[in-house]
1. Tell me, what is the FRET efficiency for residue 21 and residue 352 to the nearest 0.05, using R0 = 45 angstrom and their Cβ-Cβ distance as r?
2. Before rounding to the nearest 500, sum -39500 (n - 2.57) across all DSSP H runs of length at least 4 in the chain and divide by the residue total; then give [θ] at 222 nm in deg cm²/dmol.
3. With a 10 Å cut-off between alpha carbons and a GNM built on the chain, which of 141, 226, 368 moves the most?
4. Pick out which of 138, 300, 321 has the largest mean-square fluctuation in a Gaussian network model of the chain, springs linking Cα atoms closer than 10 Å.
5. Binned at 10 Å from 0, what are the whole-percent values of the Cα-Cα distance distribution for segment 37-120, short to long?
6. At residue 324 and residue 133, where each label point lies 7 Å from the Cα along Cα→Cβ, what is the point-to-point distance in nanometres?
7. For Cα pairs less than 8 Å apart in space and 6+ apart in sequence, what is the mean separation divided by the residue count of the chain, i.e. the relative contact order in percent?
8. Below 8 Å, C-alpha to C-alpha, sequence gap of six or more: please give me the relative contact order for segment 160-215 in percent.
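Read-outs: derived from the displayed coordinates by stated rules, not from any lab. Everything numeric here is computed off the predicted structure, so don't read it as measured data. All Cβ positions, even for glycine, are placed from backbone atoms using ideal geometry, and neighbour counts span all protein chains on display.
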Amino acid sequence: MADLIGLSSKYIDEGSKEAPVAFNRINGELSEVADGIAMIEAFSHVVLFKSADGLVLFDTSLESFGGQVVKAMRGWTDDPVRAIAYTHGHVDHVGGAGAIVQEAADRRRTRPQVIGHENVAPRFHRYHLTNGYNAAINMRQFGGAGRSMIKLGDTERFGPKAWIEPDTEFSDRMGFAAGDLRFELRHARGETDDHLWAWLPSRKAVVVGDFLTWVFPNAGNPQKVQRYPLDWAAALHEMAALEPELLLPAHGLPIAGRTRIAGVLDDIAGALESLCKQTLELMNSGARLDQIVHTVRLPNEILEKPYLRPVYDEPEFVVRNIWRQFGGWYDGNPSHLKPAEDARVAKEVAQLAGGVDALAIRARELSQAGDHRLACHLAEMAALAEPDSKNAHAARAEVYEKRMASELSLMSRGIYGQAARTSREKAERNEP
Ligand SMILES: [Zn+2]
């Protein structure tokens, strides 16, 4: 067992330059966090409570971690699982449920009750509609290495073989008791529209799911459905108002101590609120999305906190999500309303520049000078104007490789990395 509270106290109180894997450990091990409360560190974690009436679990991790979760749980206690609560319906939180339910069946024990918000089941149905899309974007988001490490499904299928839907649903609030433990479940929108968090008055503990993940909030995600940064911040304030002494997240480390928890919750809520405030002010003044994206900023000292580093999602993407939530898809640039095909624009510009090779040369120059944003535009145009040009693809590969190396967030790195790989293959293919 690890001293997870000791680790988080040190990182929060002293700051840390360590890589994010120090905070988000994925080892499948169970550690006791307080008397009768444990956490299995996986992707996502599983938070476990012992009660006289059996175990109560929050989240189940991925399907590929299910076996390990059961093993780790049984190394701690042989108590039956009384209930599983999904903090939300993301595949890394619900995928392991199958293994836990199966273990109960194998041992002829009562099937655990499965609790979730009423939007969990509709989410599962949406995944069926967008199976191919989800498999493709997760391949991009998590890259080749990530996919094999965390297994979000396989190339054909997104998610677990069988989705276990909640048998107990609620819309706003729900009380739940197991033995002597009483949980207050509350719904709030944040990373998803089906999210819950829980308050245990007797232990002064909050179970927060993905409302706190030890990375900058996944509130912008370029390839996924709407997130809710303002509701997210409100939920964090609601948690703080309860003055919790113990905070149990689904990713990253548990946190103990009223003041420490209050400070962390306030920092995260403040960052999200600042992005919302700045974006909405500019929207209300009639600014275009382009201006807003290049104006809104958060201070560096906030982004350097060990629990707010933009290594997964990033503030710029959150700005776009705020625009999408409160505005429409039109970005304020009239040429984007009913545009010409990208390839036609690219051909026109290439011709004006004196050919695709001129675009490729300039793209490389800009990239070497560190202007990756502009370099990407020109390299993309070169490849679009002449899709069979090896030179255009060589430039595009180089520009996106450098771009990827310059970016912090997994979401950016995934997308640029895939673009680079595609062009590298085309630039280096052998044909007569
Ligand atoms: Zn998660």
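1. 0.45
2. -14500 deg cm²/dmol
3. 368
4. Result for the chain, Cα springs under 10 Å: 300 fluctuates most.
5. Here the calculated profile for segment 37-120 is 20, 60, 20, 1.
6. Distance between label points: 1.0 nm.
7. Once normalised by length, the contact order is 12 percent.
8. Taking the mean separation of contacting Cα pairs over the length of segment 160-215, I get 21 percent.
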